[in-house]
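The numbers here are math on the coordinates, done by the rules we state, and not lab data. Source: prediction; values computed, not measured. Glycine gets a Cβ as well: all are built from the backbone with ideal geometry, and neighbour counts include every protein chain shown.
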Amino acid sequence: MIRELLLPVLLFPLTVGFQADGSSTGSAVSGNDGKPTEASASRASQLPEESLLIERGEGQLPLRIPAAEELEFRVLVDLGIGDVNVGTVTLTSGIEPYRAGLPIPGAQVGGEQQSGWLRSNARGGHLGYELDHELKTTYQPVDFPRIFHRDTQTGTENRKREIKIGERDGKTISTFQDDGHCEGCERPEHVVSSTLPWGKDHHCKKCKRGEHRVWKEIQTRDVPPNTVDMLGAIYLSRTLLVEGLEETTVPMLDKTRLWNVTLRPGGTKALNTKAGRFECREILLETTLPEGEDPGDRGFSGIFGIRGEIHIWAEALTGVPVMIEGEVPVGGLFTLDVQVELTEHRGTPAAFQAQE
Ligand SMILES: [Zn+2]
Ligand SMILES: [Zn+2]
């Protein structure tokens, strides 16, 4: 019974959490052709064989997107009777040539511009409740949207959300749009037959059918130029480690709300996972509400639904995440410890090797 509750509560937030950071600074996307600019061979092996570096502005931590990396995790929840596996999370990334939807007058054609993407897929199911939650963020070499984040949940419940961040009229803005159950229209497929012989067919009032959902109004707001999405924030913690930089704080957008996420390097320890034993460095993610930002009617809740801190244990040389830990509140009554543990990896940097 508890597990039935947990799946939606845990997996959903965790997926969300995985998206980390896309920055919205006005900087251009530039490829590195797979060749790290630094001469050091040891450093080269810390980086993905091919990657795309997204600059986020002067003095800002850049975002590096591996060209073809796939990380698989299992989601473990401590229920007091041992850890229970409630699902899987897969993190993938890629690079592709950028193609605009429509030719822009004066824009270069056939250029070598690239866009990069980060994707998180969480899957789970228990006692008839099925969840498939995908987060995908594309970082594009255009003013708007520079960051395009899509959040799609299918299964027992269905919903879609889109966030776009970029520059319009010299300002950095974001737009948010989500879907909801249609409140009444003429479409015959939204009309349900009455189950009572004397009842009339009517527009469905409320259901979980994906095909009864429609896009709602677009909500627009101003955001700081270096704002990232949640997936971008996660991958930034990786850049932080590889670049050996100090603690940094980035603005992160979740729907229409802005958060400050502080990425703080912590201690080291060796961790045993399904994928092997790795020497790890902790990166602590702390989420706070920026001054003047409306906390909304739901009060404070950090990324991934995790309240308080998120601990990312990343392999010390490459920054590849090996374990993610945090506490998730359940129904406002108690919290559960959640661990997201690496099980398999492909396309990771050469220096990412399990120890004997
Ligand atoms: Zn309708
Ligand atoms: Zn309906």
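Remind me, relative contact order of the range 137-197 in percent, using alpha carbon pairs under 8 angstrom and six or more residues apart?
RCO, the range 137-197: 23 percent.
Please list the non-local residues whose amide H lies under 5 Å from the amide H of Phe144, H modeled 1.01 Å from N, same-chain partners needing a gap of 5 or more.
Counting only residues 5 or more places away or on other chains, the set is Glu167.
Of Lys171/Lys208; Lys171/Lys206; Lys205/Lys255; Lys200/Lys255; Lys164/Lys208; Lys136/Lys216, which pairs sit farther than 28 Å apart, going by alpha carbon to alpha carbon?
Pairs exceeding the cut-off: Lys171/Lys208; Lys171/Lys206; Lys200/Lys255.
What list of ³J(HN,Hα) values in whole Hz, one per residue of the range 150-165 in order, does the Karplus curve 6.51 cos²θ - 1.76 cosθ + 1.60 (θ = phi - 60°) give from phi, with Gly and Pro shown as x?
Calculated HN-Hα couplings, in order: 10, 10, 10, 10, 10, x, 5, 10, 10, 7, 9, 9, 9, 10, 10, 10 Hz.
In debye, nearest 20, what is the charge dipole magnitude of the range 144-249 about its Cα centre with +1 on Lys and Arg Cβ and -1 on Asp and Glu Cβ, if you could check?
420
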